[in-house]
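Student: This is the structure I want to talk about, given as structure tokens.
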Amino acid sequence: MTIKQLTDQSARLCFIGAGNMASSIIGGLVEQGYPASLIHAADPDIAQLAKLKKENGIHTTTDNQQAIAEADALILAVKPQVMGAVCAPLSGTVRQKRPLIISIAAGIKVSNLIDWLGDDLPVVRTMPNTPALVQSGATGLYANQYVTKMQQDIATTIFGAIGMTRWFDQEEDMDRVVAVSGSGPAYFFLVMEAIEQAGVKLGLSPSIARDLTVQTALGAAKLAQASDVELAELRRRVTSPGGTTEAALKVLQEGGLVELFDRALIAASDRSKELAD
Ligand SMILES: NC(=O)c1ccc[n+]([C@@H]2O[C@H](COP(=O)([O-])OP(=O)(O)OC[C@H]3O[C@@H](n4cnc5c(N)ncnc54)[C@H](OP(=O)(O)O)[C@@H]3O)[C@@H](O)[C@H]2O)c1
């Protein structure tokens, strides 16, 4: 479903919690042409609401009940630790109007949302990541059995405004998504930090080492995205036998980089399960 098709449906989107992540999604939607008049945001922070209203022209309120009154989709974008307290008072209206419920909170299960809001509701659990702040996010989505195909399309379009989307059939897959893309930006920042610092040790200025590192990461990601060959093949193509890249990769591989990432992602996935439980 395109933004235009979503607009044609006049789908009213309501964000509960208007912090970093909600602001990014709202900014992405408005930038892509979604009418601000169809977007509502509720948050206790008046200054944050004023900023959002000024930048995007959406409806804002400090009253969650008022915000959800006419919502077709409710995007729950508060911190996980306050989600239960935020949802409970909304359950009466939600049971009556039955909007699509979308949660972006890490570690909050569909069963938690059902407990707080009511049985048999259409619920989508998502896991976006921080590059959403610059509309380059990756979002994993999971829908329960009450979500219609049309509602899935609506969710895809909303999260498509901040990057790429992928649906999963099993809720357990969200722990794997957390391990790869949810926590993933930090792995790349660490690798970039390490390259930057090594470049400085070799004698580059800190600013040049940073610029070269970041641009190389961006270029490598764009090349991988634009290419239809395996990542391993892209690596082989820049690794001439007996050359500089081969010398560096040998050190990384002998140092156990691949095994380290195996262990790191298992640790992230296990921790995601623990936090959700
Ligand atoms: N940031 C990320 O990269 C990322 C990635 C994946 C998932 N997420 C998930 O996204 C959610 C939001 O994260 P965020 O980074 O956007 O957090 P955030 O910037 O702190 O935004 C949360 C907002 O919710 C507001 N809020 C608190 N209590 C509320 C209530 N009762 N009713 C309405 N709004 C209320 C907060 O206001 P106050 O500040 O005044 O309390 C704040 O403005 C979290 O559940 C997080 O797990 C974030």
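The values are calculated or read from the model by the stated rules, or taken from the named source; none is laboratory data. What you see is a predicted model, and the numbers here were worked out from it, not measured in a lab. Neighbour counts are summed over all protein chains in view; Cβ atoms, including those assigned to glycine, are modelled from backbone coordinates with ideal geometry.
Student: What residue, of Leu100, Leu133, Leu121, Leu117, is surrounded by 16 or more Cβ atoms within 10 Å (Cβ to Cβ), within 12 Å of the ligand (Cβ to nearest atom), of a type in the set (A, V, I, L, M, F, W, C) and more than 22 Å from Ser269 (Cα to Cα)?
Tutor: On inspection, the qualifying residue turns out to be Leu133.
Student: Do we have any residue at all in region 203-215 that's among the aliphatic types (A, V, I, L, M) and within 16 Å of Val134 (Cα to Cα)?
Tutor: Checking region 203-215: at least one residue is among the aliphatic types (A, V, I, L, M) and within 16 Å of Val134 (Cα to Cα).
Student: Then there's this: Consider Ala67 carefully, then state whether it is within 14 Å of Ile158 (Cβ to Cβ), part of a helix (DSSP H, G or I), within 11 Å of the ligand (Cβ to nearest atom) and in the same structural domain as Gly137 (by TED's automatic domain parsing).
Tutor: no
Student: While we're here: Could you please let me know if Leu74 is away from the ligand (no atom under 11 Å from the Cβ) and at pLDDT 95 or above?
Tutor: The answer is yes for Leu74.
Student: Please list, ordered by first then second residue, the pairs with beta carbon atoms under 8 Å, 6 or more apart or interchain, first in region 130-153 and closer than 26 Å to Asn20 by Cβ, second of a type in the set (Lys, Arg) and surrounded by fewer than 17 Cβ atoms within 10 Å (Cβ to Cβ).
Tutor: From region 130-153, the pairs are Ala138/Arg166; Thr139/Arg166; Gly140/Arg166; Leu141/Arg166.
Student: Specify which of the listed residues (Glu172, Glu246, Glu230, Glu254) is farther than 28 Å from Arg125 by Cα and within 31 Å of the chain's Cα centre (by Cα).
Tutor: Within the list Glu172, Glu246, Glu230, Glu254, the selection yields Glu230.
Student: Would you mind telling me which numbered condition in (1) within 14 Å of the ligand (Cβ to nearest atom); (2) within 23 Å of Gln152 (Cβ to Cβ); (3) of a type outside the set (Gly, Ala, Ser) Leu49 fails?
Tutor: (2)
Student: If I filter region 13-29 for residues that are farther than 21 Å from Thr139 by Cβ and either more than 16 Å from the ligand (Cβ to nearest atom) or not in a helix (DSSP H, G or I) (or both), do I get at least one hit?
Tutor: no
Student: Then there is this: With respect to the numbered conditions (1) buried (at least 18 other Cβ atoms within 10 Å of the Cβ); (2) of a type outside the set (Asp, Glu); (3) not in a loop (DSSP other than H, G, I, E, B), which one is the sole condition not fulfilled by Ala50?
Tutor: All conditions are met except number (1).
Student: Further, regarding this structure: Taking region 53-64 as the region of interest, how many residues are more than 11 Å from the ligand (Cβ to nearest atom) and either modelled with pLDDT under 95 or not in a strand (DSSP E or B) (or both)?
Tutor: 6
Student: Which residues, counting only those in region 31-47, are part of a helix (DSSP H, G or I), modelled with pLDDT of 95 or more and within 21 Å of Ile3 (Cβ to Cβ)?
Tutor: Matches in region 31-47: Ala36, Ser37, Leu38.
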